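Taking it in order: structure first as structure tokens, then the write-up.
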Amino acid sequence: EALGINDRQQLAGAGAVLRERIATERMSAGVTIIDPQNTYIDAGVTVGRDTTLWPGTLLRGATSVGANCQIGPHTTLIDTVAGDGACVRHALVERAELPPGATVGPCAHVIGE
């Protein structure tokens with residue numbers, strides 16, 4: 001399927017279609033997304049079963065979220081691994097590895113190596 005993109009409005013529309021497809025795939029795989037229109041998941045991101053993504057969550061890059069996690073609201077994970085059962089709220093986490101059961105936030109900025 002192809003969409004012509006000739007301006008920024010059409011680019012935004014194409015992005016919305018892609019985000020909806022990614023959210024639908026994740027929800028079909030057992031992920032709860034409270035507000036799909038306000039949750040952004042890059043195509044290569046993995047999310048484990050029974051994880052809940054709250055509004056304002058952005059999962060970017062090579063991020064992997066385990067099973068039974070609570071991510072968000074208003075949380076960004078970039079190139080991060082979150083172990084099973086992790087809870088990350090109101091936080092920015094970059095290039096970090098969060099162990100199973102980790103709790104991060106609120107108002108945290110974690111930078112890994």
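The values are calculated or read from the model by the stated rules, or taken from the named source; none is laboratory data. Just so it is clear, the structure is predicted and the values come from calculations on it, not from any experiment. Positions of Cβ are generated from backbone atoms using ideal geometry, with glycine treated the same way; all protein chains shown enter the neighbour counts. Ligands, DNA and RNA are excluded from the accessible area calculation, which covers all protein heavy atoms including side chains. Shrake-Rupley method; radii C 1.70, N 1.55, O 1.52, S 1.80 Å.
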Whether any residue in segment 52-62 is within 21 Å of SER28 (Cβ to Cβ), open to solvent by 30 Å² or more (accessible area, probe 1.4 Å), among the hydroxyl-bearing types (Ser, Thr, Tyr) and in contact (Cβ under 8 Å) with a residue 12 or more places away in the chain is what I want to check.
no
Could you say which residue among ILE34, ILE71 is surrounded by 19 or more Cβ atoms within 10 Å (Cβ to Cβ), on the phi < 0 side of the Ramachandran plot and not polar (S, T, N, Q)?
ILE71
Note on GLU20: of the conditions (1) open to solvent by 20 Å² or more (accessible area, probe 1.4 Å); (2) in contact with a Ser or Thr (Cβ under 9 Å, 6 or more places away or on another chain), unmet is (2)
It is to be established whether one or more residues within segment 77-89 are of a type in the set (Lys, Arg), crowded, with 16+ Cβ neighbours inside 10 Å and closer than 16 Å to ALA108 by Cα.
yes
Just the residues that are open to solvent by 90 Å² or more (accessible area, probe 1.4 Å), among the hydrophobic types (A, V, I, L, M, F, W, C) and more than 17 Å from ARG60 (Cβ to Cβ), please, taken from segment 90-113.
CYS107
Pairs where the first residue, in segment 82-102, is touching a residue at least 12 places away in the same chain (Cβ under 8 Å) and in a strand (DSSP E or B) and the second is of a type in the set (D, E, K, R) and open to solvent by 10 Å² or more (accessible area, probe 1.4 Å), C-beta under 9 Å, 6+ apart
ALA82/GLU97; GLU94/ASP79
